[in-house]
Amino acid sequence: MTITGRVPLLLLTGLVPVVLRPAASTVWMWLLLVGLVTAADWLLAPRPATLEVTRRPPGTVRTGTPADSRLTVSATGRGVRALVRDAWQPSAGASDNRHRVVLRPGARALLTTPLLPRRRGDLRAVGVTVRVPGPLGLACRQATLDVPGTVRSLPAFESRKHLPSRLARLRDLDGRAAVRVRGQGTEFDSLREYVRGDDVRSIDWRASARNRSVVVRTWQPERDRRVVLVLDTSRVSAGRIGDVPRLDSAMDAGLLLAALAARAGDRVDFLAGDRTVRSRVRAAGARDIAARLQEAMADLEPVIAEADWSALAGEVTRLGRQRALVVLLTPLEPAAVYEGLLPVLPTLVRHHRVVVASVQDPALGDLVGTRGSLDEVYAAAAASQVLGERERAARVLRTLGVDVLDADAERLPPLLADHYLALKARGLL
């Protein structure tokens with residue numbers, strides 16, 4: 001039971017009889033009268049159970065993309081006036097979720113609540129609260145109905161804006177806009193007629209003997225290479241860069257690389273874990289790799305534990321013995337690198353091309369450049385020390401043959417994609 005603002009107003013009108021008959025009994029009689037009228041109004045109000053509420057599944061959206069929650073409310077008994085609140089957990093971003101409905105007997109209404117998911121994962125509806133007022137509008141019957149609903153929020157994939165420009169560079173690399181030349185990391189593509197300027201070493205004499213013109217071979221970068229993405233979900237990935245966790249920024253970089261590699265004809269595998277493997281995707285060159293990875297990444301959250309890189313390296317080995325580009329999406333934290341990652345890198349480097357992609361906090365660079373007061377000088381010294389330790393850890397990794405990419409969240413995805421294209425152009429995959 002709930003009361004409306006009319007009850008206090010009705011109590012205030014009791015000042016009139018109190019002034020006309022100033023006695024304690026007048027006050028108590030007026031309070032009793034208001035209580036009886038309010039209780040009668042509540043008893044005459046329709047029960048919320050007479051409303052049938054169903055929900056249409058909101059579906060799947062990217063984080064930060066608008067969605068709609070749709071409820072269908074039907075009056076199974078007599079007509080009702082009601083206030084319906086479609087409640088969601090706060091991260092679902094529900095707005096304008098209170099709806100006033102007036103239904104005749106047997107009628108139905110469609111109620112739409114805008115959603116704007118602000119985090120990844122399955123965001124659930126809390127319940128549908130129905131408030132039905134009585135005939136006098138003094139009291140209401142209220143009940144919260146369990147109407148399950150879930151909207152699956154996928155990683156935002158903000159870096160997809162860089163994909164068209166990288167695909168254009170990939171087409172150039174494939175030779176669709178440039179002459180294909182034989183070299184390391186290339187494979188035979190097709191035969192075509194010789195034109196002036198072609199390398200005479202590309203002439204296919206057997207094919208030329210069967211034709212009236214000279215025929216040359218064309219080449220393209222090797223396809224069907226393997227790319228293995230390893231996403232670190234340990235405690236170091238829980239740090240926030242601005243308002244975004246490091247884990248989400250690493251996901252963004254991995255999604256761009258996976259989409260680009262799939263378009264290049266390479267096979268992409270994905271692992272995510274810390275002490276255990278949290279998610280695994282065997283894509284084998286699927287063109288919808290980005291969508292599959294987004295589904296696999298949606299439920300991942302940082303775990304307050306150290307990463308077991310020996311176990312993760314073993315999982316990489318179990319994916320296949322063919323040489324691959326192994327991209328470790330992990331923060332370049334010196335302690336975690338020296339104690340966990342460094343011991344397993346020699347084995348990985350012996351069989352694969354290894355890249356460490358790390359999200360750097362741009363606030364460190366800002367602190368180094370700000371020295372206006374004594375506190376700022378101390379902060380600049382601390383930030384400079386942190387950057388120096390990260391650079392020393394990167395140098396140690398490079399001496400082992402590991403490529404290290406350390407950039408802020410905005411620059412890391414295109415930097416990783418460009419590094420992949422550069423390796424492919426040089427035939428190092």
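The values are calculated or read from the model by the stated rules, or taken from the named source; none is laboratory data. What you are looking at is a predicted structure, and each value in this text was computed from that prediction instead of being measured. With ideal geometry, Cβ positions are generated from the backbone for all residues, glycine too; neighbour counts draw on all protein chains shown. Accessible surface areas use protein heavy atoms only, side chains included; no ligands, DNA or RNA. Shrake-Rupley method; radii C 1.70, N 1.55, O 1.52, S 1.80 Å.
Structural remarks
- For the chain, calculated [θ]222 nm from helices alone, where every DSSP H run of n ≥ 4 adds -39500 (n - 2.57): -10000 deg cm²/dmol
- Choice from V396, V236, V27 with maximal GNM fluctuation in the chain (Cα, 10 Å cutoff): V27
- Label of the coordinate-derived value, volume of the Cα convex hull per residue in Å³, listed as (1) 142; (2) 257; (3) 129: (2)
- Among the trypsin sites (Lys or Arg not before Pro) in region 256-290, those placed in a DSSP loop whose Cβ has at most 16 other Cβ atoms within 10 Å are R275, R287.
- Cα-projected label distance for R171 with E306, points at 7 Å along beta-carbon direction, nm: 5.0
- Annotation: per residue accessible area for the chain equals 52 Å², rounded to a whole number [probe 1.4 Å, protein chains only].
- Our estimate of slack between R201 and V27, defined as 0.36 nm per intervening residue step minus the Cα-Cα distance, is 51.6 nm.
- Seen from T60, the other residues with C-beta closer than 11 Å to its C-beta sum to a net charge of 0, counting Lys and Arg as +1 and Asp and Glu as -1.
- Compared with the alpha-carbon gap, the fully stretched path from R98 to D375 is longer by 94.8 nm at 0.36 nm per residue.
- Loop-exposed GluC sites (Glu not before Pro) per DSSP, neighbour cap 16 Cβ within 10 angstrom, longest uninterrupted part of the chain: 1-221
- Candidates V386, V303, V326, ranked by Gaussian network fluctuation over the chain, Cα under 10 Å, top entry: V386
- The chain: DSSP helices with Cα axial extent of at least 15 Å and average Kyte-Doolittle hydropathy no lower than 1.0: 24-44
- Within the shell of other residues whose beta carbon sits under 11 angstrom from the beta carbon of E301, the net charge comes to 0, with Lys and Arg scored +1 and Asp and Glu -1.
- At most 14 other Cβ within 10 Å, DSSP loop - trypsin sites (Lys or Arg not before Pro), region 68-138: R78, R118
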